[in-house]
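The values are calculated or read from the model by the stated rules, or taken from the named source; none is laboratory data. Here the structure is a predicted model, which means the values were calculated and not measured. Using ideal geometry, Cβ is built from the backbone for each residue, glycine included, and neighbour counts are taken over all protein chains shown.
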Number of protein chains: 2
Amino acid sequence: MGKEDFVKEITNIDEDFAKWYTDIVLKAELADYTDTKGCIAIKPYGYAIWENIQKYADEEFKKTGVKNVYFPVLIPESLLQKEKDHVEGFAPEVAWVTEAGENQLEEKYCIRPTSETIISTMYSKWLNSWRDLPFLYNQWCNVLRWEKETRPFLRSREFLWQEGHTIHETAEEAIERTVQMLDVYVDIIENLLAMPVLKGQKTESEKFSGAEFTYTVESLMHDGRALQAGTSHYFGQKFSKPFNIKFQNREGKEEFAYQTSWGISTRLIGAIIMAHGDNRGLKLPPKVAPIQAVIVPVASHKEGVLEAASALFEKLNSDFRMKLDDRSQYSPGFKFNDWEMRGVPVRIELGPRDIENNKCVFVRRDTNEKIEVSLDEVNEKLAQVLDDIQNNMFNMCKENVEKRTTIARNMEEFNHNLEVNQGYIKAMWCGSAECENKIHEETGAKSRCIPFEQEKISDTCVYCGRKADKMVYWGRQY
Amino acid sequence: MGKEDFVKEITNIDEDFAKWYTDIVLKAELADYTDTKGCIAIKPYGYAIWENIQKYADEEFKKTGVKNVYFPVLIPESLLQKEKDHVEGFAPEVAWVTEAGENQLEEKYCIRPTSETIISTMYSKWLNSWRDLPFLYNQWCNVLRWEKETRPFLRSREFLWQEGHTIHETAEEAIERTVQMLDVYVDIIENLLAMPVLKGQKTESEKFSGAEFTYTVESLMHDGRALQAGTSHYFGQKFSKPFNIKFQNREGKEEFAYQTSWGISTRLIGAIIMAHGDNRGLKLPPKVAPIQAVIVPVASHKEGVLEAASALFEKLNSDFRMKLDDRSQYSPGFKFNDWEMRGVPVRIELGPRDIENNKCVFVRRDTNEKIEVSLDEVNEKLAQVLDDIQNNMFNMCKENVEKRTTIARNMEEFNHNLEVNQGYIKAMWCGSAECENKIHEETGAKSRCIPFEQEKISDTCVYCGRKADKMVYWGRQY
């Protein structure tokens with residue numbers, strides 16, 4: 001099978017992006033559909049990406065004083081209902097456990113769609129004095145939301161995530177934590193996943209059910225649709241009052257705690273696929289790639305080739321996440337395509353003539369560039385090339401964002417830009433939910449966020465023409 | 001509050017072991033009860049123990065080629081029912097999801113009590129040729145079993161665990177894997193958790209529902225009750241046939257795969273508490289302790305003491321998991337008791353006179369021994385003392401096992417020994433389930449395992465007196 005036949009198996013990225021996406025998920029063996037409708041099985045290669053995200057994120061969380069905990073997956077119905085906005089937001093999409101063994105349960109339990117309610121109940125029990133504060137806890141777990149339309153990683157009924165839940169003595173400290181964790185997410189997404197992000201605040205309609213406000217990091221995919229990559233919520237006392245999370249403050253008076261929560265999930269794997277991938281398949285940023293470089297021996301039947309490949313593998317494997325593809329049933333050409341499709345950042349070719357000349361050939365996944373490297377300096381060179389790839393991938397993504405970010409002063413421009421560019425549209429907004437809804441109905445674009453960095457595009461709302469002083473990013477979303 | 005008052009808060013270990021256990025769980029802040037009946041919240045200190053177990057185990061698994069994956073938490077009813085013995089074993093204790101949002105589901109889903117069925121379905125889809133084998137996959141996840149009587153960590157409706165699931169080309173290779181993973185568990189439990197284990201095979205009545213056979217590692221608690229610490233199951237083709245997991249073998253013929261599964265869970269935290277704890281509280285083996293040593297400054301109001309304590313903390317913190325207790329609202333005496341109760345292996349006292357003499361004092365949690373240590377060699381000395389404690393704790397545990405292991409040639413001896421020693425009783429067994437059941441009914445003791453290391457106690461079954469050639473360990477259990 002030649003390269004072209006091989007690539008034919010993957011739908012063209014510009015013809016049908018949705019089908020291209022599914023092809024990558026299945027053929028790169030990241031995940032598969034299961035008999036549990038709307039839920040996927042995450043395969044080793046996909047899960048290894050998640051483990052790299054987890055490891056990085058967990059270390060960053062711990063540096064800020066966060067500790068891990070675990071709360072029950074089942075939440076009694078009565079608890080879910082304690083905060084009005086929260087239950088309205090989540091009840092339509094929760095799964096209910098009503099039976100156990102042969103018995104009908106007296107009170108039904110939902111499977112957590114998120115854990116504010118059960119955690120707030122425990123915080124209420126554990127908190128006494130200002131001296132106990134803050135609680136800075138996080139859990140890595142599964143959650144379930146009964147979505148009608150699902151897509152692997154992006155919108156799965158069950159997904160894996162971390163949810164951080166903190167309580168504080170003052171509103172200021174809680175808001176600071178909300179910002180701090182958003183910044184940790186920016187670091188993860190930009191530096192680990194090589195995707196530039198947009199930081200801002202969600203509008204009232206788009207904020208988390210039960211929050212005072214929601215901060216978000218938004219990312220843009222190859223096709224110009226946006227994806228919410230992580231969120232950080234400030235609750236003020238909206239949960240601490242109904243859940244009775246109070247403490248004796250420094251003045252000896254009772255006060256309700258100030259609360260936050262924040263999360264990122266396995267949907268980031270979907271984001272990596274859609275932000276970086278191309279017609280040759282998946283393209284993984286080196287820092288998060290389960291395999292950073294693959295060695296493919298050429299003419300491996302010739303004497304000494306497999307031995308040299310093995311030696312090279314050993315040499316590199318102590319510094320990098322390496323793979324040696326010594327499968328005898330496939331040709332080098334097949335392997336080249338296979339590992340390109342799986343997004344491995346660097347392929348290292350090694351044949352008899354290379355060995356003779358004490359060198360090997362690096363092939364970059366991002367640029368397809370071939371680089372001859374002396375075997376004496378292969379470790380230093382690989383470190384440098386991986387760094388370059390990481391940076392270049394960030395820049396390619398950034399270019400896409402810049403190319404696809406436009407401004408609109410009226411709905412004509414809005415529609416035109418969306419048609420031509422997809423992408424982000426910067427436009428002024430009067431602040432009314434009505435205009436926001438109308439824009440969504442008419443264009444399919446939602447407000448992404450009110451960015452922290454404001455610009456003045458015009459004086460009037462892009463939809464209603466009334467006075468407006470908020471600049472909002474808009475875009476169709478995943 | 002003096003030491004005696006403080007210790008009074010914990011029930012005496014010899015008076016009421018069950019209450020002592022619950023006291024430790026709650027007062028050492030390992031976990032707490034929740035509004036979800038039978039489910040606990042694992043607090044930071046308890047979860048940190050689990051993280052240390054996870055980290056160690058995950059590395060050991062990966063060394064043997066195992067990769068992590070994730071499968072859905074919900075299993076369709078029809079899948080659970082495909083293997084007859086399996087569904088009989090688990091159906092009585094599974095929780096059922098029957099509704100989602102406002103809707104009744106067409107087919108109900110159980111929350112996984114274990115994942116053989118959903119994983120087997122996917123393996124059937126993924127496996128083609130002998131070249132694909134083995135699959136060596138593991139998942140870290142939550143599972144749910146609707147137990148009637150629950151106890152924190154030991155028997156919680158929801159618990160965290162890892163479940164490894166492998167398929168192989170031959171029965172020999174699968175059996176080898178079953179043994180290999182059991183040996184990994186022995187390593188974890190003996191070397192990390194400092195508990196000697198008993199290795200053997202479960203009887204037919206006690207094996208996993210659906211397995212050909214189950215290997216187990218058993219441990220003995222302070223009160224002489226046994227606890228199943230980890231199990232490794234060989235399925236042969238018992239799942240691969242109903243689930244159609246087949247491959248083309250080297251002869252080009254279709255063959256069903258040979259399968260294993262193996263797991264350890266958060267119940268190990270319960271085992272640590274009950275195997276090592278004493279009247280002063282929890283006692284953690286240094287290798288798994290979230291805090292390996294705590295520095296308690298003495299006369300900390302005096303000039304230079306807090307600064308010296310801080311400097312000592314910095315010096316040790318790069319090599320060990322350290323805590324500096326600089327809380328001003330508590331006396332040193334209170335802190336001594338508090339950290340003893342929380343099981344920290346070493347307390348380091350540092351006061352003005354120590355500082356003058358360039359030394360500090362180590363106090364061992366296991367022996368209460370005080371050791372003067374020069375501040376110049378504090379890192380080397382702490383490493384050595386932690387090692388000693390780890391070994392001594394293993395030996396103390398081993399002594400308890402030896403003291404409580406007896407032999408019985410008839411039921412009179414059996415009952416007498418159980419009365420006097422609790423613990424393990426070694427006795428011959430004819431192999432009939434009837435004798436096994438009768439022994440359980442009459443004494444409360446179950447077969448722990450048929451140990452790999454057999455001894456001949458007598459020629460006849462301890463219960464029925466018929467000819468017997470199997471030596472079995474018996475004991476009451478958690």
remark   = Counting only residues that are under 26 Å from B:T260 (Cβ atoms) and among the acidic types (D, E), the range B:87-131 contains a total of 3
task = Scan the range A:257-275 and give yes if some residue there is touching a Cys at 6+ places or on another chain (Cβ under 7 Å) and crowded, with 24+ Cβ neighbours inside 10 Å, otherwise no.
result = yes
ask   = Within the range B:60-78, restricting attention to residues that are more than 7 Å from chain A (Cβ to nearest Cβ) and among the charged types (D, E, K, R), which residue is nearest to A:G46 (Cα to Cα)?
value = B:K62
ask   = Filtering the range B:97-126 down to residues that are part of a strand (DSSP E or B) and either crowded, with 21+ Cβ neighbours inside 10 Å or in contact (Cβ under 8 Å) with a residue 60 or more places away in the chain (or both), which residue is farthest from the other protein chains (Cβ to nearest Cβ)?
value = B:C110
ask   = Is the range A:171-188 home to any residue that is assigned to a loop (DSSP other than H, G, I, E, B), in contact with a Phe, Trp or Tyr (Cβ under 8 Å, 6 or more places away or on another chain) and more than 13 Å from chain B (Cβ to nearest Cβ)?
value = no
ask   = Among the residues of the range B:243-272, how many are under 32 Å from the mean Cα position of the chain (by Cα) and of a type outside the set (A, V, I, L, M, F, W, C)?
value = 9
task = Just name the residue that is farthest from B:A174 (Cα to Cα) out of those in the range B:81-96 that are buried (at least 17 other Cβ atoms within 10 Å of the Cβ) and either touching a residue at least 40 places away in the same chain (Cβ under 8 Å) or more than 11 Å from chain A (Cβ to nearest Cβ) (or both).
result = B:A95
note = For strands (runs of 3 or more DSSP E) lying entirely in the range A:204-260, having 2 or more residues that are touching a residue at least 24 places away in the same chain (Cβ under 8 Å) picks out A:213-220, A:226-236, A:246-248
message = Every residue in the range A:318-329 that is surrounded by 14 or more Cβ atoms within 10 Å (Cβ to Cβ), of a type outside the set (K, R) and without any contact (Cβ under 8 Å) to a residue 40 or more places away in the chain, please.
response = A:M322, A:L324, A:D325, A:D326
ask   = Which ones in the range B:33-49 are at the interface with another protein chain (Cβ under 8 Å from one of its Cβ atoms) and under 17 Å from the mean Cα position of the chain (by Cα)?
value = B:I40, B:I42, B:Y47, B:A48
ask   = Is at least one residue of the range A:189-205 closer than 30 Å to A:K82 by Cα, outside the structural domain of A:Q422 (by TED's automatic domain parsing) and crowded, with 24+ Cβ neighbours inside 10 Å?
value = no
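Return the total of residues in the range A:12-63 being among the basic types (K, R) and within 22 Å of B:K67 (Cα to Cα).
3
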query = Which one is surrounded by the most Cβ atoms within 10 Å (Cβ to Cβ) among residues in the range B:306-317 that are touching a residue at least 24 places away in the same chain (Cβ under 8 Å) and out of contact with any helix residue (DSSP H, G or I) (no Cβ under 6 Å at 6 or more places or on another chain)?
reply = B:A309
request  = Determine which single condition B:F153 fails, assuming it passes every other condition in (1) away from chain A (no Cβ under 11 Å); (2) farther than 29 Å from B:T34 by Cα.
outcome  = (2)
task = Go through (1) out of contact with any Lys or Arg (no Cβ under 7 Å at 6 or more places or on another chain); (2) under 23 Å from A:N391 (Cα atoms); (3) polar (S, T, N, Q) and name the single condition A:Q292 misses.
result = (1)
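Filter the range A:160-170 down to residues that are under 30 Å from A:L26 (Cβ atoms) and more than 10 Å from chain B (Cβ to nearest Cβ) and give me whichever is surrounded by the fewest Cβ atoms within 10 Å (Cβ to Cβ).
Among those that are under 30 Å from A:L26 (Cβ atoms) and more than 10 Å from chain B (Cβ to nearest Cβ), it is A:W161.
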ask   = For B:K148, all conditions in the list (1) touching a residue at least 12 places away in the same chain (Cβ under 8 Å); (2) outside any strand (DSSP E or B); (3) of a type in the set (K, R) hold save one; what is the number of the exception?
value = (1)
